[in-house]
Structures are given as structure tokens and as C-alpha cells.
Amino acid sequence: MNGAQAIIKGLEKEGVTCMFGYPGAAIAPLYDKLPGSKIRHILVRHEQHAGHAAGGYARVAGRPGVCAVTSGPGATNLLTALATAYMDSIPIVAISGQVDSGLLGRDVFQEADITGAAEPFTKYSYLVKDAGELPRIVKEAFHIASTGRPGPVLIDVPADVQAAETKFIFPQEALIRGYRPTIHGHAGQIKRVLRMLDQSKRPLICAGGGIFAAKAQDTFAAFIETLNIPVVSTLMGIGAIPTAHPLYMGQVGMHGKSTANDAISETDVLILLGARVSDRAVLLPDKVKRRTKIIHVDIDPAEIGKNLDTFLPVVGDVKTVMEQILSYDPAAKGDEWVAFLTEKKNGRRVDYAARADGVNPKAFVSELSKALPDDFIYCADVGQNQLWSAGNVDIRSGGRFLTTGGMGTMGYAIPAAIGARIASEEPPARAGGGKVEPARTDPGRFTIAVCGDGSFQMSMMELATIAQHGVDVKIIVMVNGKLGLVREIQTDAYGDRQTAVDLSGSPDPVAIAKAYGMDGAAADDWVEAEAGIRNLIAHKGPYLLAVRVSDKESSL
């Protein structure tokens, strides 16, 4: 076979059933061999969205998402999606075409040093010079992307290498010298954790996206309920337990819940589980830092202590570490601390009051999510819509909240929802391997993308992808005619001098949806919003609901 066939065969060996991409001359040899394979191809309308769709797919499927693009601008367009996946620890294997290997370095048509450009945004990248290396490289790429701290891996393949003849010998396992992620926490550190918990009066757990990366939701629920410890989450950790769980106090940080931030200020032992602790997440005043002992559990040792001084580091997979702690049958903590925080939480109500100008977005998100099936997938974009969503969505057991926390990439929600919905229609991955179980019969999970009118215009071309491939995604567009979060920043910090935030000239989202053959409606007040929720849920197939909100609405 040739190199292109070797790539496809390797993908099939890794259990890949779907690939998102946009072809071009340098990747044409791969696309020439794609028909007849077991891999379904989803043609997106922008290369960046191929990466976002692969990321959404990975987060629901529990295995790496795959995307393919051509050289030059095709590959550079993918960079933002790779950076998004890297910051959020999402496993992606990206394949880019490249100019013929003999032309590398000559600045020929559509040549770009994409492996060099992507180096800060990938776990590893390959520039393939020998077609015979492709089976090994594919095997290694999936291993690297999905183990340790997950992330994107790039395989850049010149067109002549794709066309070159080779023998296909696929390795049984990836053997990479020097790459040995630590899975089990050190036994001595585990015992120290137990002693600290035993001595603590006000312990607190902060859940990050690592809970999902480790597929540890069930273990996490058992962990917090056994120990009776209250929980806060980062943006990426929302949904690690149901948002209505009595031990959950909300999202922490700059845009978090006041009860969650109060809990951070009052705790004496803070346990960070799979959280990077970015500048927008855990904010500790100096006096709190001095009295609070921090236990940081993460599979990536580089993240421990990077942003917060750590009293006790534990390097390991968060699921495995929690299981190690539970194996000692630790005693539950008392109810006084939980009761104290619960009283605070119950005493603080969100502003769900009616609006004279448009729809209250916080109330809308709350009512929408409560009306959805329990296992719904909610993809939030970036901006005020993300903050309204994070603070008010009702995630129940089996539900997922997907957003981009590290890079904050506008235009994320719609392509991520496409990938997530497709993943939900496929059989789940077998534990411990890339193979999949026999096809299941359910039609997929209810998947919704929520965005603002600014972020909608960064990805509205993907309505064509939804239409072409029959992807049942529902879309909410919060319409306020402004780049809302930037407007809010300008209002609060720059004397309300609003510059370059007016979205005048924007199209009607419902008209755009109908141009792509998608049904939709607009909601200008609460009565229409309630009807819109009912119609969106009942509608068979893609649907867009444009909800008008005030351009003066606050994100908090």
C-alpha cells in the first residue's frame, strides 16, 4: 500500500470511525484513499472548526478526535483549534498535508513550517520523511494524545510520502523512550493526604477538567460522598457532579459564585483535583494563602505549584489517586462545615427577574437546561453567553457541559456541538483500547450549542456542515447587537467608552438558518422564550432559536 493507505489503516486499527476535515492539494493523496474505508468523513467549512469538532467528539467519545487539513493556510487555520485543545487538555490527532519533501524549505506554494508553528500548542508533532514510519507514528500519536495529560498531536505528511509505497506493519503497543506518565500516587503522599484530611476542620475540593480526562465522574461522586467534603469547580470542571448536588457550592473564580469563592477563603485544606489553577479560577488573597494548606493532585507535574504554592503535591491520575485514598476507608467529615456553606448558598439567589428589554438570559439558561433530557450535552461559546451558561445551567447525572476555558476561543460552540453529537451517536469505546462496542440503538444525545451574536458569526458557516451531514444540533443565539463581554469591560473599566463593540450590520440568525434549510424562530420576550424552548425540544432535526437580550445585561 502507499503512505496514505497506511495512515487510514492505522486510524482504523485505532478504532477511528469519524474524521473531520477540509481537503486540499497536499492532502489529496489521503482523501483519494478515504472512500471505501470504515471512516466517516465530515466536511467542515473552515479548518479551525475541524479541530473544534474533533475536540467536541473527543470529549464525549472518550477517545481522541481526528481531523485532517491541507498545507499552508489550511494548516495555519487549524492552529487556533490545536491551541484550544492544548489549553483544555483535549486529545486530538491532527493530520496535515505538506508540500513534497524535496521542496521543504524553499518557500514553495502553500508551504508552512506547521510543526514548528504548532510546537507550543501540541504535546508532540511529527514531520514524516519515510512512509515506512507511518504505522509507528500513528500508533504513537494516539498513545501520546490520550495518555498522561491529554492533548493534541500533529502528524505533518508531505504529499510524496503519502504517495510512496510501503509495507504496513502496525505495532502492538507504543514504546516511547522517556515517556512514562505517572498513574499511581506515591504511597507516602497518599498517607499524608489522609493525615491532613483527618486533621482538617474545613476541607474543600476544587474539581477541574481532569475529572473528565480521567473518566472519573463516578469515582469522584463516591469520593466526595464518602468523605462528606464540599466541592467547588473550575469552569472546565462544571458537571463533574450534578450542579444540584448538596455538596456542590458552584464555580469558583473571577466569574464564579460568591458561595464558592467564600468557601475558598474559609477552607483550611484545599484539594485541587485535575485543575490547572489559572488566573481566572482560584483566587486566593494573601492572608488565605498563609493559612490554607493546598493539596494538588494532577497527572502533569508541571502544573503542580505553577500558579499556587502547594503544600502537598501528588502526581498521578486523579481517578487512581482517589481510589487509592478510598482504599484506606477514610472516615467522613462532620456536617457543620457543609451546613455552613449550604446556608450561604441557599441565602443567595440569582437574579431571575423579568426584563422590560428582552429576555433575562440567566433565567433562560436555567429554564432551558431544566427542560432538557438528563443526559444532554450543552456546548457554551465564549463571552457573556458562556458566563450566563456556566452560572445557571442545570447539569444532571450523565449530562455534559463543554466549553473552552483556557484559550477562550470564540466560535467554538457550534463545531464542538457537531463533534459531540456525532460522538453520542456512536458506540462507546472499550475500556483499555481504541476498539468500539457493537452499535447501539439510541439516536444520540440531545446536543445544544449556545453562543452570542458575535461568536455565532465566527462559525455560522458550519450550518452547512449540519445540513449536509444531517447532524441534529440545536442552536441558541443570544442577540444583543454587541460584543457583550468586551462592552461590559469597557463600561466597568473604561468609563463606558464603547469602542468597536457595535455589531450593526449583522444578519438575522433565523434568516441565516433558514437559508441553510434549518428551522428556527426568534424570542423577544419571556412568553416567546418559553414557547421557543418547547418548540426547540420538540423539533425533529436541527433548530435555531434567537433570543433577544438587553445590550446592558451584566454577565454576573
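The values are calculated or read from the model by the stated rules, or taken from the named source; none is laboratory data. Nothing here was measured: the structure is a model prediction, and the numbers come from that model. Neighbour counts run over all protein chains shown; Cβ positions are idealised from the backbone, glycine included.
In the set E225, E266, which member is closer than 14 Å to K345 by Cβ and not assigned by TED's automatic domain parsing to the domain that holds N385? First the steps, then the outcome.
Numbers: E225 fails: closer than 14 Å to K345 by Cβ.
Going through E225, E266 in turn, the sole match is E266.
Surrounded by fewer than 21 Cβ atoms within 10 Å (Cβ to Cβ), in the same structural domain as G391 (by TED's automatic domain parsing), out of contact with any Pro (no Cβ under 9 Å at 6 or more places or on another chain) and assigned to a loop (DSSP other than H, G, I, E, B), is that true of G541? Spelling it out, G541 is indeed surrounded by fewer than 21 Cβ atoms within 10 Å (Cβ to Cβ), in the same structural domain as G391 (by TED's automatic domain parsing), out of contact with any Pro (no Cβ under 9 Å at 6 or more places or on another chain) and assigned to a loop (DSSP other than H, G, I, E, B). For the stretch 183-214, give me each residue that is crowded, with 21+ Cβ neighbours inside 10 Å and either under 16 Å from I264 (Cβ atoms) or among the small types (G, A, S) (or both). Within the stretch 183-214, G185, P203, L204, I205, C206, A207, G208, G209, G210, A213, A214 meet the criteria. Just one of the listed residues (P181, P150, P171) is in contact with a helix residue (DSSP H, G or I) (Cβ under 7 Å, 6 or more places away or on another chain), of a type outside the set (K, R) and under 30 Å from I325 (Cβ atoms), namely P150. When residues in the stretch 215-234 are screened for being surrounded by fewer than 23 Cβ atoms within 10 Å (Cβ to Cβ) and closer than 24 Å to T403 by Cβ, 6 of them pass. The strands (runs of 3 or more DSSP E) located wholly in the stretch 71-174 that include 3 or more residues which are over 17 Å from the mean Cα position of the chain (by Cα), closer than 22 Å to R45 by Cα and not polar (S, T, N, Q) occupy 152-158. Applying the set (1) without any contact (Cβ under 8 Å) to a residue 24 or more places away in the chain; (2) on the phi < 0 side of the Ramachandran plot; (3) not in a helix (DSSP H, G or I) to A500 leaves exactly one unmet item: (2). Considering only residues in the stretch 61-107 that are of a type in the set (S, T, Y) and surrounded by fewer than 24 Cβ atoms within 10 Å (Cβ to Cβ), the one that is farthest from I422 (Cα to Cα) turns out to be S101. Of the residues that make up the stretch 194-201, is at least one part of a loop (DSSP other than H, G, I, E, B), out of contact with any Gly (no Cβ under 8 Å at 6 or more places or on another chain) and either in contact (Cβ under 8 Å) with a residue 24 or more places away in the chain or more than 26 Å from G316 (Cα to Cα) (or both)? Within the stretch 194-201 (the criterion being part of a loop (DSSP other than H, G, I, E, B), out of contact with any Gly (no Cβ under 8 Å at 6 or more places or on another chain) and either in contact (Cβ under 8 Å) with a residue 24 or more places away in the chain or more than 26 Å from G316 (Cα to Cα) (or both)), the answer is yes, since at least one residue qualifies. I'd like to check something: does the stretch 365-378 contain any residue that is buried (at least 23 other Cβ atoms within 10 Å of the Cβ) and acidic (D, E)? No, the stretch 365-378 has no match at all.
If the condition is being in contact with a strand residue (DSSP E or B) (Cβ under 9 Å, 6 or more places away or on another chain), under 19 Å from F376 (Cα atoms) and touching a residue at least 40 places away in the same chain (Cβ under 8 Å), then the stretch 522-549 contributes E530, I533, L536, I537, H539, G541, P542, Y543, L544, L545.
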